[in-house]
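Here, each number is a calculation from the coordinates, and none is a lab measurement. These numbers come from a predicted model, not from an experiment. Cβ sites come from the backbone with ideal geometry, for glycine too, and all protein chains shown count toward neighbours.
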Amino acid sequence: MTQYFLTMPHDSAEEPTMESMQEMDPAELEAVFAAVGAFNTALAESGALVTAGGLHPPSTAITVDATGDEPKRVPGPFVEAAEYVGGFWIIDVADEETALGWAERCSAALQSRIEVRALQEKPE
């Protein structure tokens, strides 16, 4: 089995939070939450779910660099980008095709693009 990292991109010009999502149409928001809940339940019941979570926006990040003489902690993300990872799932499935099938279901539930990447295998 291979583990895959499914990520949900967000536009860096926006930083959606639980508070800002309250500005959405309540029925639309409830429908998305229900669809994502059903997706997460199906994923867990299949045995493929390893873990999942949502991330706070990049503005809350702190980049740590301990490669020099003194460790540095710099507020903000380590890279400027047009998009950032807003949420993720790690799944353990038989092959890429299965991972892509789960990503399609996730994309439909969230009405968002989903990126799929395999995790590297552990060295022997």
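When L29, L43 are arranged by Cβ crowding within 10 Å, least crowded first, meaning fewest neighbours, the order is L29, L43. Both numbers refer to the Cα atoms of the chain; Rg and Dmax are 16.8, 54 Å.
Test of understanding: ordering R113, R105 by Cβ neighbours within 10 Å, fewest first, what list do you get? Walk me through the numbers before you get to the answer.
Numbers: R113 12, R105 16.
Placing the least packed residue first, the sequence is R113, R105.
When E83, E45 are sorted by how many other C-beta atoms sit within 10 angstrom of their C-beta, beginning with the fewest, the order is E45, E83.
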